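Working notes for the structure below.
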């Protein structure tokens, strides 16, 4: 099996340079051996926290935008401070989940010619200290979350619990087809709720938008699975890499991407018609985003496999930024003529 993995090393996933090269004992000029040694001992624990993945906290911002639309008086410096504080809390909870993921996946990573150089499978992390780090990050993140109110704290607790359900046996949802995508993408609406509650909202946002946010996350995660499966190009090796691939195939994954995109569109449409008709103008751009992301999933060495590197796809990122700006603008620009065009014309006649 190790030889098979070696033959397919380039087909599993790209990793950062730091993952490909184990930590060495070389000290930089002008740095004392003692301080360099301390840094090198701490570096593996920093790496398993995956701080570079904190970019995903951008999914908090639509929740803030929605809150400001609902309650414009929340737009002040105090709310900005709360948002920064909330992003820190979300990052700490996410890092706690990443740490336990690294620890529990270590045995499988040892079979992988690249992932075996990650801090845990390569023996750079003391497992007891890693478990302590997992708990400490969660405790600190939850303790800080309490300062932003009960609902924000509950949201952060849910984010951490979902990370546990996703990674820890016997539940370990990441090994179950469909449940792996749907459970991990729950983090999307939880981040939406984090932004909503962080700035002071105390009621729930529209359920239609929460569900839409969940399913656009499921769409993104399924395209990632599809890209991984296509690149490995071997069902047996794919199953060794990810247990849910024992059931998935390319056709099923493609059907799932369509299904999740359609469900997202239906619930987002419900939100638009009930709460903000001006968002209809964003539909062509959102449809373009979905199409472009599927196209990315079919590229060789698809960047959809590692979303933290999507910033390298400049054209796609510019289009995504345009989508976000148009959606944001449509929350605050009133277009009465749209309401005239889409006024309801069908009525149910009451029974006499």
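Annotations
- Extending 7 Å from the Cα toward the beta-carbon at both residue 300 and residue 252 defines two label points whose distance is 2.9 nm.
- Only helical runs count toward this figure. For the chain, summing -39,500 (n - 2.57) over DSSP H runs of n ≥ 4 and dividing by all residues gives -20500 deg cm²/dmol at 222 nm.
- Shown for segment 47-202 is the translational diffusion coefficient from the Stokes-Einstein equation, using the Kirkwood radius over Cα pairs, a temperature of 4 °C and a viscosity of 1.567 mPa s: 80 µm²/s.
- Counting every C-alpha pair in the chain, the share spaced more than 29 angstrom apart comes to 47%.
- Relative contact order (percent, whole number), segment 47-202, Cα cutoff 8 Å, 6+ residue spacing: 36
- Rg in Å to one decimal, and Dmax rounded to a whole Å, for segment 158-241 via C-alpha atoms: 15.3, 50
- Distance-filtered residues of segment 214-232 - backbone nitrogen under 20 Å, label point 7 angstrom along residue 273 Cα→Cβ: 214-216
- The ranking of 54, 196, 214 by Cβ neighbour count inside 10 Å, starting from the fewest, reads 54, 214, 196.
- For the chain, averaging the sequence separation of C-alpha pairs within contact (under 8 Å, six or more residues apart) and dividing by the residue count gives a relative contact order of 18 percent.
- In a fully extended conformation the segment linking residue 110 and residue 39 would gain 23.1 nm over its present Cα-Cα distance, using 0.36 nm per residue.
- The residues 164, 89, 256, when put in order of fewest to most other Cβ atoms within 10 Å, stand as 164, 256, 89.
- Per-pair calculated FRET efficiency, R0 = 56 Å: residue 340 and residue 136 via Cβ, rounded to 0.05: 0.45
- Over segment 102-184, relative contact order from alpha-carbon pairs under 8 Å, at least 6 apart, %: 16
- When the P(r) is computed for segment 235-352, the part past 22 Å accounts for 53% of the Cα-Cα pairs.
Computed from the coordinates by the stated procedures, all read-outs in this text should not be read as laboratory data. These numbers were taken from a predicted model, which means no experiment stands behind them. A quick note on method: Cβ atoms are made from the backbone with ideal geometry, for glycine too, and the neighbour counts reach across all protein chains shown.
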